[in-house]
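Novice: Would you mind keeping the following structure in view while I ask a few things?
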Amino acid sequence: MSDSPYFDPRHYGIDPHGPWPEDVPKGQDDSHWRYENDPKGARRAELRVAFCWSLTLLASIGLAWVYVAGGQTQVEGALWAMAFFGLGVGFILWARDLLPGTEVTASRGHHDVCAEEDRRAVAESLTRGIEPMARRPFLFKMLGAVGGVFGVAAVFPLASLGPRVHLDLDHTKWGVGTRAVTEDGNPVLPTDVAVNGILTVFPEGYITDALSPTLLINVGDLPFEIPPSREGWTINGLVAFSKICTHAGCPASLYNVQSHQLVCPCHQSTFDVLSDCKPVFGPAPRPLPQLPITTDIDGYVVSQSDYHEPVGPGFWDR
Amino acid sequence: MSTTEERAAEQKRYAAGKSVLDTVDERFGSSRFLTSVLDKIFPDHWSFMVGEIAMDSLIILIITGIYLALFYVPSSTDVIYAPTSGHVYAPLVGQHMTEAYQSVINLSFNVRAGLIMRQAHHWAALVFLAAVLFHLCRVFFTGAFRKPREVNWIIGVTLWLVVILEGFTGYSLPDDLLSGTGLRVIYSIVEGLPLVGTWIVYDFWGGSYPGTTFLTRLFVIHEFIFPLLIVGLLTAHLMILWHQKHSDFPGPGKTETNIRGSRVWPQYALKAGGLFMIVTGTIFLLAGEIQINPVWLYGPYNPYTVSIGAQPDWYLGWLDGSVRLWPHWEFASFGHEIPNPVFPGILIPGLLFTTIYAWPWLDKKIYSDYGAHNLLDRPRDKPFRTGVGVAAIVFFADLTIACGSDILANDFHVGFERVIEVLQYGALLGPVVGFVIAYKACQALQRTGAHPIQRPLGGVIIRSANGAYHTLSDHHGNGHGDNGHGDNGHGDKADAVANGHGTAEEAPAPVGAADEPAGASD
Ligand code: HEM
Ligand code: FES
């Protein structure tokens, strides 16, 4: 430190080659304050602080009154703010104008590191236990084995957190002849969906099931591309696709009638309804799965079976 | 000038205070420790305040959070909104919702002062994260993470991570349509993890989405586990800071081995207390006047509805943006698949955070500097590091903008496809451009010596009677010269600078080029 170009410890009566004192070196007087030689200024400063705190007092009375009167969020916010501002600014002015504490310089001390002999001492203390332990390798192996088994046994209770079966990720509540119902539970006739219209439907009894929501889309007599294996999955122009985005599971709910595209509002994956709901833009990696539908004897829309592939976002064992 | 009575009163107060301290000392031997606390010196710089602001908002979060927890019902049980007394929010009457959502509606409309506390809690979270992020940048750009402060960097980054998660879990508790959509996406991201994904989500949610036990667990996590972690980590953070002492910018009278500032008692304590109250006041002002998260407008969550404009809170925007910008790739073979959202949702953040965690050690390698530092760098003096920081900020900013891609497309009447494409390029090229500009700017600043934010140290220009100009710094000559002599002028000089009558640019900051990694300087 003695060769620092800026700070000469000798100025503070410190031997530059000796250890630094812990505290602020003598000779730095930080007992001065802003208005110590100006009683009038000090009085004004005092009044400023008192004024700030009076604002807090007023705001507090206001707060109590607003509460009793039934509460009002905007007024409460303003009054809370006023109360805290008054108190806080008062404290800062008090410190700045009336309390001692100019800047001082002190040593950083030797807090950061210990002397070599201390380091040796701690290493020796540790060794006192380590060395005799190291002479028993058999016990270490035993401890490792026991610890491992016990560790596994100890986490068993965590298994209670969730069921272990993952089969329900592969299936929805649609089955053979499951009626499609609307949000209100009403069955759907094919004519309920006008050309270019869409309707969200659910397997009867499972309106809140997260993977089952399905879109009925009436594409009219537009050319509709699907693989030959799926002949007969539609009711004329009425097709059914999973509403659950194959990207991250949001409902793909925006239908652009002009382009016949479904857009998922979450990350804008776009699916082309006329070509098998293949993704044409955005992060979704796979088409929306198609649900085979038909009508039952009462003429209502039903599913022919469950989806033939897992719906929604992917997972390791999909 | 004190009178005899005044002096007597002073004596009496001293004696009273001392007797209390004696009583304590007889039990705890605390006098030496307390002295060291009261006399502790903290350096002053506006940028050091930001860590304090973070701490202040944490205190507000805890207090308002306890208040909210007294009313919140962590239950997924389905109810139909039909209040029989108090304020009835008409648009929701008759709708299915979880008890959790209903309790938040009641807290907002039927608990007096409930809404202001709810909004203060949310605003405090936003201020908290802004402060944490700003604080992290200040530590990064000034090199405060260097030896011996690497551990505080690690703790700090962990705090950032936990605070993000804490914010997200809190945001999800009301179980409204907006937060439910966010949860759905997070579920899918985690579900996609190789091998363990489905297990993790089944354990957390108690089954496949949306589960029945999730809100209870989320509540435990949000109001117990994460706060405990945050308070624990912050305590360690501050104890380490206390022990190592705060770093400081170079300046007159400052060396690696000394510290300059005002003592904790009374200056620093009162000012820190005042700052806390001002931060609190600001948060309550925001809470009262600017509505936040009006969940009654979003409606209760259900898995088949979603609103457009579904954005997370700003501090998580970059993650949503990353998920939006990642192309439609995924990995599938051998009968297994790693789905698309895992890459932008886990891999990218994982890489980013690993780099941020590792930065103190990368920095050592880059600058071949393994030594301890108490004096901070000025950002311009380390153009490479500053460039990397700016590149990271540009990257995060690009992703954050991307989380509003649909809103941008709407506002600017362009296809959202174009917005996404532009931002995809932005995420790749923006950081490079940011790095180059920052690097050049640092070099230019080094040459001019101008300080962009602080008061100029360049000296005072004096116009003499005959119209000639000269600067005070010229007048004083080389500042380094008169320091080594130990003349009496020294102390005054240091003070004079501190008071703003600065002389020449005196910071002993190393000039950058020599510090730059080989090959990076030009
Ligand atoms: C939970 C949020 C956090 C709180 C409440 C907090 C609080 C503080 C406070 C009050 C200080 C001293 C004043 C200052 O320099 O601003 C400090 C210092 C420090 N913080 Fe944080 N911090 C937080 C997060 C972080 C993060 C995210 C990082 C970096 C990744 C970080 C790294 C550091 C370091 C290295 C120091 C020592 C600074 C020095 O001595 O120059 N902290 N922190
Ligand atoms: S969930 Fe549909 S695009 Fe991401």
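Novice: Select from the stretch A:55-68 the residues that are open to solvent by 50 Å² or more (accessible area, probe 1.4 Å) and more than 10 Å from chain B (Cβ to nearest Cβ) and write down the one among them that is nearest to A:VAL89 (Cα to Cα). Before you say what the answer is, go through the steps one by one.
Specialist: Initial filter on the stretch A:55-68 (open to solvent by 50 Å² or more (accessible area, probe 1.4 Å)): A:55, A:57-58, A:60-61, A:64-65, A:67-68.
With more than 10 Å from chain B (Cβ to nearest Cβ) added as a condition, the list becomes A:55, A:57-58, A:60-61, A:64-65.
Details: A:LEU55: 11, A:LEU57: 14, A:LEU58: 15, A:SER60: 16, A:ILE61: 19, A:ALA64: 22, A:TRP65: 24 Å.
My answer is A:LEU55.
Novice: Among (1) more than 14 Å from ligand 2 (Cβ to nearest atom); (2) in contact with an Asp or Glu (Cβ under 9 Å, 6 or more places away or on another chain); (3) of a type outside the set (A, V, I, L, M); (4) touching a residue at least 40 places away in the same chain (Cβ under 8 Å), where does A:ARG286 come up short?
Specialist: Result: A:ARG286 passes all but (1).
Novice: Still on this model: Which residue out of B:LEU228, B:LEU238, B:LEU215 is away from ligand 2 (no atom under 16 Å from the Cβ) and either charged (D, E, K, R) or modelled with pLDDT under 95 (or both)? Can you show your working first?
Specialist: Values: B:LEU228 fails: either charged (D, E, K, R) or modelled with pLDDT under 95 (or both); B:LEU238 fails: either charged (D, E, K, R) or modelled with pLDDT under 95 (or both).
Result: B:LEU215 is the single residue among B:LEU228, B:LEU238, B:LEU215 that is away from ligand 2 (no atom under 16 Å from the Cβ) and either charged (D, E, K, R) or modelled with pLDDT under 95 (or both).
Novice: Scanning the stretch B:10-68 for residues that are within 30 Å of B:TYR171 (Cβ to Cβ) and open to solvent by 50 Å² or more (accessible area, probe 1.4 Å), which turns out nearest to ligand 1 (Cβ to nearest atom)?
Specialist: B:MET55
Novice: So, one more: Of these, A:ALA240, A:ALA210, which one is surrounded by fewer than 24 Cβ atoms within 10 Å (Cβ to Cβ) and within 37 Å of the chain's Cα centre (by Cα)? Reasoning before the result, please.
Specialist: On the way: A:ALA240 fails: surrounded by fewer than 24 Cβ atoms within 10 Å (Cβ to Cβ).
None of the others qualify; the one that does is A:ALA210.
Novice: Exactly one condition in (1) more than 28 Å from B:GLY350 (Cβ to Cβ); (2) open to solvent by less than 50 Å² (accessible area, probe 1.4 Å) is not met by B:ALA397; state its number.
Specialist: Going through the list (1) more than 28 Å from B:GLY350 (Cβ to Cβ); (2) open to solvent by less than 50 Å² (accessible area, probe 1.4 Å), B:ALA397 breaks only (1).
Novice: Can you say whether B:PRO312 is open to solvent by less than 40 Å² (accessible area, probe 1.4 Å), in contact with a Ser or Thr (Cβ under 8 Å, 6 or more places away or on another chain) and either over 30 Å from A:ALA59 (Cα atoms) or not assigned by TED's automatic domain parsing to the domain that holds B:GLU99 (or both), as far as the supplied structure shows?
Specialist: Details: open to solvent by less than 40 Å² (accessible area, probe 1.4 Å): yes; in contact with a Ser or Thr (Cβ under 8 Å, 6 or more places away or on another chain): no; either over 30 Å from A:ALA59 (Cα atoms) or not assigned by TED's automatic domain parsing to the domain that holds B:GLU99 (or both): yes.
Here the answer is no, as B:PRO312 does not meet what is asked.
Novice: Within the bounds of the stretch B:194-217, is there any residue that is buried (at least 18 other Cβ atoms within 10 Å of the Cβ), under 26 Å from the mean Cα position of the chain (by Cα) and in contact (Cβ under 8 Å) with a residue 60 or more places away in the chain?
Specialist: The answer is no; no qualifying residue exists.
Novice: Exactly one condition in (1) under 30 Å from B:GLY94 (Cβ atoms); (2) within 16 Å of ligand 2 (Cβ to nearest atom); (3) out of contact with any Asp or Glu (no Cβ under 7 Å at 6 or more places or on another chain) is false for B:TYR301; which is it?
Specialist: (3)
Novice: Another question, if that's okay. Is it true that B:PHE42 is aromatic (Phe, Trp, Tyr) and either touching a helix residue (DSSP H, G or I) at 6+ places or on another chain (Cβ under 6 Å) or within 16 Å of ligand 2 (Cβ to nearest atom) (or both)?
Specialist: Working: aromatic (Phe, Trp, Tyr): yes; either touching a helix residue (DSSP H, G or I) at 6+ places or on another chain (Cβ under 6 Å) or within 16 Å of ligand 2 (Cβ to nearest atom) (or both): yes.
The answer is yes for B:PHE42.
Novice: Let me ask something else about it. When the stretch A:69-105 is examined, which residues are found to be open to solvent by less than 60 Å² (accessible area, probe 1.4 Å), among the aliphatic types (A, V, I, L, M) and over 19 Å from B:ILE283 (Cβ atoms)?
Specialist: Within the stretch A:69-105, A:LEU93, A:ALA95, A:LEU98, A:LEU99, A:VAL104 qualify.
Novice: Which residues, taken from the stretch B:321-357, are assigned to a loop (DSSP other than H, G, I, E, B) and within 12 Å of ligand 2 (Cβ to nearest atom)? Walk me through how you get there before you give the answer.
Specialist: Of the stretch B:321-357, the ones assigned to a loop (DSSP other than H, G, I, E, B) are B:326-330, B:334-335, B:339-341.
Within the stretch B:321-357, B:TRP326, B:HIS328, B:PRO339, B:ASN340, B:PRO341 meet the criteria.
The rows are residues; the columns are (1) within 16 Å of ligand 1 (Cβ to nearest atom); (2) facing chain B (nearest Cβ under 10 Å); (3) not in a loop (DSSP other than H, G, I, E, B).
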residue	(1), (2), (3)
A:LEU216	no, no, yes
A:SER229	no, no, yes
A:ALA240	no, no, yes
A:ALA248	no, yes, no
A:LEU288	no, no, no
A:GLY299	no, no, no
A:GLU309	no, no, no
A:PHE315	no, yes, no
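Novice: Just to verify a result, which residue in the stretch B:41-77, among those that are free of Cβ contacts under 8 Å to residues at least 40 places away in the same chain and in contact with an Asp or Glu (Cβ under 6 Å, 6 or more places away or on another chain), is farthest from B:PHE140 (Cα to Cα)?
Specialist: B:THR77
Novice: B:LEU297 versus (1) in contact with a helix residue (DSSP H, G or I) (Cβ under 7 Å, 6 or more places away or on another chain); (2) away from chain A (no Cβ under 12 Å): which is the lone unmet condition?
Specialist: Looking at each condition in turn, B:LEU297 falls short on (1).
Novice: I want to confirm something. Restricting to the stretch A:102-130 and keeping residues that are within 10 Å of chain B (Cβ to nearest Cβ) and over 18 Å from B:LYS254 (Cβ atoms), which single residue is nearest to the chain's Cα centre (by Cα)? I'd like the intermediate steps shown before the answer.
Specialist: Step one: of the stretch A:102-130, the residues within 10 Å of chain B (Cβ to nearest Cβ) are A:102-113.
Then keep just the ones that are over 18 Å from B:LYS254 (Cβ atoms); that gives A:110, A:113.
Numbers: A:HIS110: 42, A:VAL113: 39 Å.
Taking the candidates together, the pick is A:VAL113.
Novice: Across the stretch B:358-394, what is the number of residues that are open to solvent by 20 Å² or more (accessible area, probe 1.4 Å), not in a helix (DSSP H, G or I) and not aliphatic (A, V, I, L, M)?
Specialist: Here the count works out to 6.
Novice: Is there a residue in the stretch A:303-311 that is within 16 Å of ligand 2 (Cβ to nearest atom) and either touching a residue at least 60 places away in the same chain (Cβ under 8 Å) or within 20 Å of B:HIS328 (Cα to Cα) (or both)? Even if it seems obvious, please write down each step before you answer.
Specialist: Residues of the stretch A:303-311 within 16 Å of ligand 2 (Cβ to nearest atom): A:310-311.
With the extra rule that they be either touching a residue at least 60 places away in the same chain (Cβ under 8 Å) or within 20 Å of B:HIS328 (Cα to Cα) (or both), the set shrinks to A:310-311.
Among the residues of the stretch A:303-311, at least one is within 16 Å of ligand 2 (Cβ to nearest atom) and either touching a residue at least 60 places away in the same chain (Cβ under 8 Å) or within 20 Å of B:HIS328 (Cα to Cα) (or both), which makes the answer yes.
Novice: Would you check if there is a residue in the stretch B:109-124 being within 16 Å of ligand 1 (Cβ to nearest atom), open to solvent by less than 20 Å² (accessible area, probe 1.4 Å) and under 29 Å from B:LEU297 (Cα atoms)?
Specialist: Yes, the stretch B:109-124 contains a residue that is within 16 Å of ligand 1 (Cβ to nearest atom), open to solvent by less than 20 Å² (accessible area, probe 1.4 Å) and under 29 Å from B:LEU297 (Cα atoms).
Novice: Please verify whether A:LEU211 is closer than 18 Å to A:GLY312 by Cβ and touching a Gly at 6+ places or on another chain (Cβ under 7 Å), treating the condition exactly as stated.
Specialist: Values: closer than 18 Å to A:GLY312 by Cβ: yes; touching a Gly at 6+ places or on another chain (Cβ under 7 Å): yes.
Considered against the rule, which asks whether it is closer than 18 Å to A:GLY312 by Cβ and touching a Gly at 6+ places or on another chain (Cβ under 7 Å), A:LEU211 comes out as yes.
The values are calculated or read from the model by the stated rules, or taken from the named source; none is laboratory data. From a predicted model like this one, the values you see are computed outputs, not experimental measurements. As a convention, Cβ positions derive from the backbone with ideal geometry for all residues, glycine included, and neighbour counts pool all protein chains shown. Only protein heavy atoms, including side chains, enter the accessible area calculation; ligands, DNA and RNA are left aside. Shrake-Rupley method; radii C 1.70, N 1.55, O 1.52, S 1.80 Å.
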